[in-house]
Structure formats: C-alpha cells, structure tokens
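Novice: My questions all concern the structure below.
The values are calculated or read from the model by the stated rules, or taken from the named source; none is laboratory data. All values derive from a computational prediction rather than experimental measurement. Neighbour counts are summed over all protein chains in view; Cβ atoms, including those assigned to glycine, are modelled from backbone coordinates with ideal geometry. Surface areas here come from the heavy atoms of the whole protein model, side chains and all, with no ligands, DNA or RNA. Shrake-Rupley method; radii C 1.70, N 1.55, O 1.52, S 1.80 Å.
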Amino acid sequence: MNTSPDDARPSDAPARQRRTFVLIPGAGGTAWYWHRVVPLLRQAGHEAIAVDLPGDDPAAGLPEYTDLVVSAIGGRGNVVLVAQSLGGFTAPLVAARVPVASLVFVNAMIPRPGETPGAWWDDTGWAGARVAAAGQGGYGTEFDSACDFTAWPPVPIRAVAGADDRFFPAGFQQALARDRLGIEADVLPGGHLIALAQPARLAGYLLGA
C-alpha cells in the first residue's frame, strides 16, 4: 500500500518545473471543495485552479463541463489534471482537447471510452449507490452524457483512494483502477471528501505526482 508524504511543504519551484494543477470537482460541481488544497499547492510554488461547474443546471452535461475546464486551462502548459469522483468523466474529455502532463483521479468514477455515468454504475456493480449519489450531489439520476473519448492520453496517470471512503471503498477503487487503467490505486487516509478531511496528505500526494 502506497502513501503520500505527511504534508505539503512550501518550496520555490523552479520556473521550468512549475506546474498548473487544474482541479475538477465531483457531483455538485463546486470549486469550494478544493479550497483547503489550493493554498498548499500554491505555497509549494505552483499554480492551482479549482474549476466551478454548473452542477445545479440540469441542462448542463459533460460537453459543458469540458468546455469550462478547457477554458480555465487556456494556454497554460505543464498541466496536472486532477479529478474528484464524478469529475473522472470530465477529465478524459479535457485531455482529448488540450495537452496535459499527467492525470490524477481522486476517489473517482473512472470511465471507459464511450461509457455514460448511468452505465458506469451498472458496469462496475455499484448501481445501488446511484440514487443516493444523485441526491447527495444535487444532480439528477438522468445525468447521462456519454464520455466520448477514444483512448487515454500517453501521459502518467495515477489514482488515489481514500482508506475510509464508505461510498467507493478502497478495495473497489483499486479493482476499478486495475481494470480501467491497468494501474494500482494508492491509498491515503481519509474518506470520499479527502480534500476537505486530509488536505495536506492529498496535496503532498499531488506534488509527488
């Protein structure tokens, strides 16, 4: 079982090593979810952008989410794209449109090309949690845009699972990462909302990604 550094220590990152962490929230779409992680990444000398998504707009789906994240990235380079929970469906669509240096999934719904969020619940055997997730996240059960990408980009991809995640248990996430990405998910202390409960642990992990 892999773990991250205990905390994120401030440093002055050389300009050539400076990264832009683009943080995609999960269901509900609020950038606030990342508010404890963003300052730690900035203290380490990097840029950090938490993207607000219209999770309360039933007319908005993956295409609109993708447009917003792509717009937030703009012309920035050396982008580390970080996706929480449902944000895992937006990440590959963004990576198909703009260059990214790496991808990190955090307690994420990792899709297959062409899969919809609705199909994901059935395909992964997690269908029983779908209605509860929709209620908790404030989105409808019909949020079912297709994740229209063909393949994962040829960049480093990592996944992290919260050891105490009751929604997507760590063992489930590890099996999902092996099946969908061919990698082993790293396990950190914390539950599903790990960025709020363990921000230093998560920031330290991201800085090592």
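Novice: If you roll a 1.4 Å probe over the stretch 63-126 with all protein chains in place, what percent of the accessible area is carbon or sulfur?
Specialist: 53 percent
Novice: Further question on the same structure: Going by average Cβ density within 10 Å per residue, which order do the peptides 54-63, 102-111, 89-98, 152-161 take, highest to lowest?
Specialist: Descending mean neighbour count gives 102-111, 89-98, 152-161, 54-63.
Novice: Among Gly87, Leu62, Val38, pick out the residue whose Cα is farthest towards the positive end of the charge dipole of the stretch 38-122, where Lys and Arg carry +1 and Asp and Glu carry -1 on C-beta, about the Cα centre.
Specialist: Val38
Novice: Rolling a 1.4 Å sphere over the protein heavy atoms, what is the accessible area per residue of the stretch 42-82, to the nearest Å²?
Specialist: Result: 44 Å² of accessible area for each residue.
Novice: If the convex hull of the alpha-carbon atoms of the stretch 152-209 is projected onto planes in all directions, what is the mean projected area in square nanometres?
Specialist: 4.0 nm²
Novice: Say each of Phe167 and Arg42 gets a label point 7 Å from the Cα, pointing the same way as Cα to Cβ; how far apart are those two points in nm?
Specialist: With each label placed 7 Å out from Cα toward Cβ, I get 2.6 nm.
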